[in-house]
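S.K.: Please see the structure below; I have some questions.
The values are calculated or read from the model by the stated rules, or taken from the named source; none is laboratory data. Computed from a predicted structure; not experimentally measured. Glycine gets a Cβ as well: all are built from the backbone with ideal geometry, and neighbour counts include every protein chain shown. Just so you know, the surface numbers come from the protein's heavy atoms only, side chains and all, with ligands and any DNA or RNA stripped out. Shrake-Rupley method; radii C 1.70, N 1.55, O 1.52, S 1.80 Å.
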Amino acid sequence: MARQGQGALERTTGQGERPAPAHAALTWNALAFALGVGLYFLQPRIPPGWPVVAAVLAAAGLSLRYRRMWPVVSCLAGFGWSQLACQGLLSAPFPEGLVRQDLVIEGRVASLPERGGDGVRFLLDPEAVWHGDQRVRFGGLVRLSWYRDPPELLAGQRWRLAVRLKPPHGFVNRGGFDYERWLFLQGVGASGHVLARDQNRLLDAGAGRYRLLRWRQRLRDRLTAALAGLGSPDRGAGTDGRAGSGRDSAVAGAVKTSPAGALVSALVVGDRGGLTPAQWRVFAQTGTSHLIAISGLHVGLVAGFVFVLARWLWSRGTRLVQWLAAPRAAALAALAAAVLYSALAGFSVSTQRALIMLAVVLLALVAGRTLRPFGALLTALVAVLLVDPTSVLSFGFWLSFGAVAVLLYALGGRLAPAPLLWRWGRAQWAVALGLLPMLLLFFGRASVVAPAVNLVAVPLFGVILPVVLVAALVALAGWYLPLVLVGQGLDAGYRFLAWIARSPMAAEAISGRPDWVWIAAFAGVLLLLAPRGLPARWPGLVLLLPLALVRPPVPEPGQADFTLLDVGQGLAVVIRTASHVLVYDLGPRYPSGFNTGSAVLLPYLRTVGVEHLDVLMVSHADRDHAGGLPGLVAEMPVERILSGEPEAIATELPAMPGQTPGAAPAPCRRGQHWTWDGVEFEVLYPLADAEQGNDSSCVLRVNAGGASVLLTGDISRRVEARLVALDGRRLSSDLLVAAHHGSNTSSSLAFIAAVAPRVVLYSAGYANRFGFPTAKVRARFDAAGVRPLNTADSGEIRFLLGPPARVDGPVSGRVVDARLWRHRPPPGPDGG
């Protein structure tokens with residue numbers, strides 16, 4: 001009573017407000033720490049260590065006298081902590097001199113092996129690496145591909161393997177996926193492939209310190225076997241759950257061939273390898289991707305379900321309640337369930353965030369401490385960044401914390417009670433609107449139907465997830481009927497989502513926008529979601545308008561924007577005029593299904609505001625030039641297709657839904673000529689008597705006010721000689737895209753002299769097995785005084801051509817998008 005009276009007196013006299021300054025100080029320090037972590041990962045290169053340490057010590061010394069210096073100390077501490085956490089990976093890169101060299105590596109399998117049509121991929125935790133008798137040292141894991149008859153790999157196995165490695169390297173293009181950042185987040189310091197050598201042998205079949213990973217793999221394999229067995233007549237789930245009837249076997253076969261099997265594996269053990277790109281596209285267009293991978297939502301649902309159940313059961317026992325209050329017991333049970341379910345996902349980054357956030361709230365409940373909502377969010381934020389500061393590079397980090405912050409901002413402090421359905425609908429609307437700018441900024445597109453779909457899907461999923469987990473558990477014990485029923489439900493749900501995704505309005509893409517547009521959009525969202533007491537929220541709509549109205553800049557009439565995209569060992573070029581677009585070649589396609597048409601060209605075109613192609617010129621039918629054709633044409637309307645081998649590429653087109661009626665491939669022939677917005681396009685080859693293979697390549701010259709570029713495909717020196725004889729000095733161009741990626745079969749001295757380029761552009765893969773561009777070709781251009789540029793070490797390369805014979809550039813993707821994790825290959829044979 002005395003304490004209650006004292007508390008009442010403090011509230012009356014205002015002394016109860018004393019903790020407020022301390023709370024404000026903690027808030028500012030937490031935000032400053034997070035700011036320091038973010039600032040570190042904005043650096044283009046690794047900062048030197050000693051200035052960071054000196055700055056932290058100096059600020060800490062000043063803070064002893066000036067308390068207002070503590071946020072500065074916190075900011076510098078976040079910066080320094082990030083440097084310390086990344087030091088091992090960033091300060092010891094894989095040696096460039098060992099690229100394409102045979103190495104021997106010993107280590108343990110450190111991931112769930114992913115099988116595909118072209119082999120198996122896995123992470124290896126290296127214990128020792130040798131180049132001959134010399135020990136090689138570098139930081140991080142190794143991502144390996146084993147293509148030829150790979151054995152059944154188990155997590156934790158210790159292997160000795162003959163490999164070829166290279167530093168983490170990916171494509172660098174505007175709008176494209178940052179593969180190098182993804183590898184950095186996985187802690188990968190090198191990637192490569194296993195060689196077919198006698199040295200390859202298993203050294204230890206045990207799991208070592210990867211026992212949890214081995215347990216997850218065994219669980220995944222047993223679950224996969226159970227799901228696969230449903231399709232066979234002797235393993236179907238009958239009415240008793242053990243002996244299969246013909247009808248049940250048919251149902252099981254449908255489960256096997258439908259997305260249900262992959263969905264069950266994804267939801268139970270976090271293995272999403274069974275989902276196809278087309279299925280991921282359905283989830284993305286309906287805004288339900290977050291329901292598939294084990295993430296914060298899943299961990300929260302499991303913890304919430306266990307909390308409610310444990311609290312109800314615990315409260316039934318009088319002695320139990322006397323020993324420990326039911327809410328505290330339920331909080332401990334929920335935390336244990338969250339830990340176990342996170343373990344199923346291998347404590348992935350997304351589950352770590354969710355687990356830490358839940359632990360902050362649940363342990364506060366156990367300790368009897370009341371946390372302010374934003375205080376709990378900031379505590380979880382700092383805890384996540386202390387555990388793994390690289391989390392700030394994950395889109396999921398921003399989306400998960402952003403969703404919670406939006407809900408607290410939009411719905412917190414509402415005094416008037418409202419019906420449950422109204423509150424749920426308002427929460428979905430707040431999250432959809434609040435995260436809209438972030439989704440568009442990160443992914444370039446957002447689902448229009450997501451709010452309506454999630455309004456039903458999320459609560460339904462809260463029921464489905466426990467059912468899936470229980471069905472999987474009993475299936476592992478040999479009773480398959482619940483899994484069959486769950487599979488039927490998941491399959492029906494997927495078919496419904498696929499029907500919604502087929503709508504052209506399901507998702508909207510957005511092109512690149514200036515920074516001020518994004519700042520205005522975030523400010524507009526804050527205004528629209530502000531409490532009702534705030535007057536004049538309608539300007540928020542005005543601040544959102546630039547997202548819809550502002551378009552990326554286009555070239556002026558008479559100018560041509562020329563971009564050589566980074567597609568590895570292949571070729572892809574985009575040429576834009578004031579109102580037209582031409583794409584020359586589309587890059588490669590791989591046996592795994594990956595193709596640069598959908599992975600590189602499509603995101604780039606959307607980023608620069610291109611909605612359709614006027615001309616798609618496929619030089620010839622080789623896979624490194626035409627491989628991306630299906631991926632691009634399926635999503636981007638094309639008015640006209642030209643090719644040196646139109647019959648060969650036509651086989652890729654009939655099933656493409658994005659193809660326009662007039663887009664049947666036509667042959668490109670010498671003499672074809674057109675002008676767009678004052679820019680001239682002229683086809684110089686092939687002649688009427690069409691060639692085959694590389695020599696059938698379309699040769700295109702583009703002239704913008706006296707500035708020109710020549711694209712040559714894969715032509716050989718024989719075709720070059722014919723062009724020199726036919727056109728002579730008319731071939732002269734400022735830019736030349738080297739034929740056949742810099743092969744010895746092309747780029748003769750006579751051709752180089754006739755073209756007389758200022759810059760030669762190589763489109764080649766980093767450390768490619770062909771050694772392109774070859775030393776002989778590079779020597780020829782060097783002798784002619786031609787400046788070389790290569791996508792392998794420059795990334796995307798852009799020039800602006802226009803009158804009067806002006807060439808602005810180059811703009812290199814790796815220079816513009818310089819980051820801590822960005823690979824910087826040296827120019828030369830290894831760098832491309």
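S.K.: To test your reading of the geometry: what angle, between 0 and 90 degrees and rounded to tens, separates the Cα axis of helix 19-40 from the longest principal axis of the chain?
M.R.: Roughly 20 degrees, rounded to the nearest 10.
S.K.: On to the next question. At a threshold of 8 angstrom on Cα-Cα distance, excluding pairs fewer than six apart, so keeping six or more, what relative contact order does the chain reach in percent?
M.R.: Once normalised by length, the contact order is 10 percent.
S.K.: Rank these by accessible area, largest first, 1.4 Å probe: His740, His131.
M.R.: The ranking, largest first, comes out as His131, His740.
S.K.: Something else now. Using heavy-atom solvent-accessible surface (probe 1.4 Å) with all chains present, what is the largest-first order of Trp499, Trp821, Trp81?
M.R.: Most to least solvent-accessible, the answer reads Trp499, Trp81, Trp821.
S.K.: Step through the residues of region 449-454 one at a time and calculate ³J(HN,Hα) from phi using the Karplus curve (6.51 cos²θ - 1.76 cosθ + 1.60, θ = phi - 60°), rounding each to whole Hz and writing x for Gly and Pro.
M.R.: 8, 4, x, 5, 5, 5
S.K.: OK, next. Would you mind working out the accessible area per residue for the chain, using a 1.4 Å probe, and quoting it in Å²?
M.R.: Ligands and nucleic acids excluded, the figure is 46 Å² per residue.
S.K.: Would the chain count as rounded, prolate or oblate if I go by the C-alpha gyration tensor, calling it rounded below 1.5 in a/c and otherwise prolate when a/b exceeds b/c, oblate otherwise?
M.R.: Working: a/c = 1.71, a/b = 1.51, b/c = 1.13.
Prolate, because a/c is 1.5 or more and a/b exceeds b/c.
S.K.: Right, here's the next one. Which value, in Å² rounded to 10, gives the accessible area of Asp198 with a 1.4 Å probe and all protein chains present?
M.R.: Ignoring ligands and nucleic acids, Asp198 comes out at about 150 Å².
S.K.: Continuing with this model, one more query. Could you pull out every residue, at least 5 positions away or on a different chain, whose amide H is within less than 5 Å of the one on Trp676? Hs are placed 1.01 Å off N in the peptide plane, and Pro or chain starts have none.
M.R.: Phe681
S.K.: Here's another thing I want to ask about it. In whole Hz, what ³J(HN,Hα) sequence does region 678-684 give by Karplus (6.51, -1.76, 1.60; θ = phi - 60°), x for Gly and Pro?
M.R.: Running phi through 6.51 cos²θ - 1.76 cosθ + 1.60 with θ = phi - 60° gives x, 9, 9, 10, 9, 8, 9 Hz.
S.K.: For region 431-540, just the Cα atoms, rotate onto the principal axes and tell me the three extents in Å, largest first.
M.R.: Per principal axis, max minus min of the Cα coordinates gives 60, 34, 21 Å.
S.K.: Please report the carbon-and-sulfur percent of the accessible area for region 736-811; probe 1.4 Å, protein heavy atoms only, DNA, RNA and ligands left out.
M.R.: 56 percent
S.K.: Further question: Using only the Cα atoms of region 86-213, build the gyration tensor, take square roots of its eigenvalues as a ≥ b ≥ c, and label the shape rounded, prolate or oblate: rounded if a/c is under 1.5, else prolate if a/b is larger than b/c, else oblate.
M.R.: Note, shape of region 86-213 comes out rounded.
S.K.: Still on this structure, please answer the following. Among 595-603, 469-477, how do they line up from the highest to the lowest mean number of other beta-carbon atoms within 10 Å?
M.R.: Peptide ranking by packing, descending: 595-603, 469-477.
S.K.: I'd like the orientation of helix 326-344 relative to the chain: the angle between its Cα long axis and the longest Cα principal axis, in ° from 0 to 90, rounded to 10.
M.R.: Between helix and principal axis, roughly 20 degrees.
S.K.: Just to confirm my understanding: which cysteines in the chain have no other cysteine beta carbon less than 4.7 Å from their beta carbon?
M.R.: Here Cys75, Cys86 come out as lacking a disulfide-compatible partner, given the Cβ-Cβ threshold of under 4.7 Å.
S.K.: For Glu508, Glu645, give the ranking by accessible area with the largest first, probe 1.4 Å.
M.R.: Glu508, Glu645
S.K.: Kindly provide the helix-only [θ] at 222 nm of the chain, computed as the sum of -39,500 (n - 2.57) over DSSP H runs of four or more divided by all residues, to the nearest 500 deg cm²/dmol? Mind showing how you got there, number by number?
M.R.: Working: 29 runs with 373 residues, N = 832.
Theoretical 222 nm ellipticity from helices: -14000 deg cm²/dmol.
S.K.: Now for a separate question. I'd like the orientation of helix 717-727 relative to the chain: the angle between its Cα long axis and the longest Cα principal axis, in ° from 0 to 90, rounded to 10.
M.R.: On a 0 to 90 degree scale, this one is about 60.
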